[in-house]
Amino acid sequence: MATFSKVKLSGGTNGLPINVVAIATAGTLIHTADTGTDNMWLYATNSHTAAVVVTVEFGGVAAKDLIIQSIPVKPSGLVLIVPGLPLSGSVEVRVFAATADVISISGYADRIA
């Protein structure tokens with residue numbers, strides 16, 4: 001029978017938001033999936049004075065692997081950017097933004113083993 005657990009993003013420290021410093025591929029490391037399945041829930045926060053486009057490299061850098069979204073200006077709060085999409089096989093999730101050091105990523109993985 002499968003077991004489910006909520007895990008912190010492996011690219012961060014103690015579950016704190018991860019600051020996106022990358023402005024191009026390869027993005028800032030957010031999480032490396034387990035060998036089982038991790039259902040990813042990621043949220044972005046924008047501290048800039050203008051909307052910022054973010055690119056999520058969801059397991060790769062090909063066009064089919066990218067999730068591109070504009071994050072509105074503050075105080076928009078947490079913006080859902082990855083809604084529970086499954087990932088497995090030690091694949092990485094990375095994020096880069098059009099402006100460095102203004103986007104932070106929070107979230108978790110629902111791990112299914």
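Points worth noting:
- Scope region 40-67; condition of a type in the set (D, E, K, R) and surrounded by 16 or more Cβ atoms within 10 Å (Cβ to Cβ); matching residues: 57
- Just one residue in the set 64, 6 is touching a residue at least 60 places away in the same chain (Cβ under 8 Å) and either in contact with a Cys (Cβ under 7 Å, 6 or more places away or on another chain) or among the basic types (Lys, Arg) (or both); that residue is 6.
- Qualifying residue in region 19-27 (condition: polar (S, T, N, Q), over 15 Å from residue 84 (Cα atoms) and surrounded by fewer than 18 Cβ atoms within 10 Å (Cβ to Cβ)): yes
- Every residue from region 1-21 that is among the hydroxyl-bearing types (Ser, Thr, Tyr) and over 15 Å from the mean Cα position of the chain (by Cα): 3, 5
- Given (1) among the hydroxyl-bearing types (Ser, Thr, Tyr); (2) surrounded by fewer than 13 Cβ atoms within 10 Å (Cβ to Cβ); (3) touching a residue at least 24 places away in the same chain (Cβ under 8 Å), index of the condition residue 37 fails: (2)
- Cβ-Cβ contacts under 8 Å between residues 6 or more apart (or on different chains), taken from a first residue in region 85-104 that is farther than 14 Å from residue 31 by Cα to a second residue that is part of a strand (DSSP E or B) and hydroxyl-bearing (Ser, Thr, Tyr), are listed as 97/55; 103/45.
- 1 or more residues among the charged types (D, E, K, R) and either within 30 Å of residue 3 (Cβ to Cβ) or at pLDDT 95 or above (or both): qualifying strands (runs of 3 or more DSSP E) within region 36-113: 37-46, 52-58, 92-97, 103-112
The values are calculated or read from the model by the stated rules, or taken from the named source; none is laboratory data. Nothing here was measured: the structure is a model prediction, and the numbers come from that model. For neighbour counting, all protein chains shown are included, and Cβ atoms are generated from backbone atoms with ideal geometry for every residue, glycine included.
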